[in-house]
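The values are calculated or read from the model by the stated rules, or taken from the named source; none is laboratory data. Note that the coordinates shown come from a computational prediction; the quantities given were computed from them, not determined experimentally. Ideal geometry is used to build each Cβ from the backbone, glycine not excepted, and the neighbour counts take in all protein chains shown. We work out accessible area using only protein heavy atoms, side chains counted, and drop any ligands, DNA or RNA first. Shrake-Rupley method; radii C 1.70, N 1.55, O 1.52, S 1.80 Å.
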Amino acid sequence: MPDFATLAVFCAATMALLLVPGPAVVFIVTRSVAQGRATGLVSVLGIHTGSIVHVAAAALGVSALLAASATAFTVVKWLGVAYLVWLGVRKLMAKPGEAETAELATHSRVFWEGFVVNVLNPKTAIFFLAFLPQFVQPSAGPVAPQIIVLGLIWMALGIASDGAYALLASALSGRLRRSLRARRRLDVGSGVVYLGLGAAAAFTGEPAKA
């Protein structure tokens with residue numbers, strides 16, 4: 001396991017990166033604004049459950065394969081683009097005031113949306129591959145367990161920072177959700193955000209070949 005000084009630097013670097021809004025934060029804030037605090041927090045859990053896949057992949061070396069294979073990168077990228085576009089179109093086509101069938105189903109769907117959005121983001125996989133190994137100390141023992149520990153710390157800090165975004169966004173948007181017209185605007189805004197994220201993912205370049 002890395003020593004205390006390395007872990008301290010890792011935590012500081014992680015927080016600096018997590019506090020900068022990215023696609024995951026946009027997804028969480030969009031959900032929090034549109035559906036409230038509980039849904040926002042569920043989206044946080046979905047996003048970071050997806051992070052488990054990337055941590056495990058980094059520990060097993062799968063991320064290295066993804067970074068080295070242009071075909072694998074392209075397949076994952078376009079799966080992610082298609083999913084984000086589908087979310088965007090669904091939001092734009094939603095009827096004003098359309099309600100979910102049940103709160104449990106709503107939270108379940110939001111959770112899995114967050115999970116899939118994060119898992120199908122090849123940039124996240126490559127980021128874990130590039131970032132986590134910088135803090136691994138081969139002299140401290142096997143590499144894979146160290147990556148897992150660092151990944152779990154990343155996830156804990158990510159849940160804390162993204163949870164704060166969810167709470168803040170939901171607190172500022174309570175009045176908007178009470179208005180049917182405002183809720184429709186939020187749906188349209190959410191749809192545009194998802195389509196924008198899909199477009200951004202589509203223009204993500206392929207990893208350079210060695």
**OP:** Round to the nearest 10 and report in Å² the accessible area of Met15, as given by a 1.4 Å probe over the protein chains' heavy atoms.
**Re:** 60 Å²
Subject >> Estimated inter-spin distance, Leu172 and Ala156, nm [label 7 Å along Cα→Cβ] >> reply: 2.9 nm
Original post:
To the nearest 0.05, what FRET efficiency results for Arg90 and Ala8 with a Förster distance of 41 Å applied to their C-beta separation?
Top reply: 0.40
**OP:** With a Förster radius of 45 Å, plug the Cβ-Cβ distance of Thr106 and Phe127 into 1/(1 + (r/R0)^6) and report the FRET value to the nearest 0.05.
**Re:** 0.90
Original post:
So for His107, His54, what's the accessible-area order with a 1.4 Å probe, most first?
Top reply: His107, His54
Subject >> Cβ-derived FRET efficiency at R0 22 Å, Ala16 paired with Val143, nearest 0.05 >> reply: 0.35
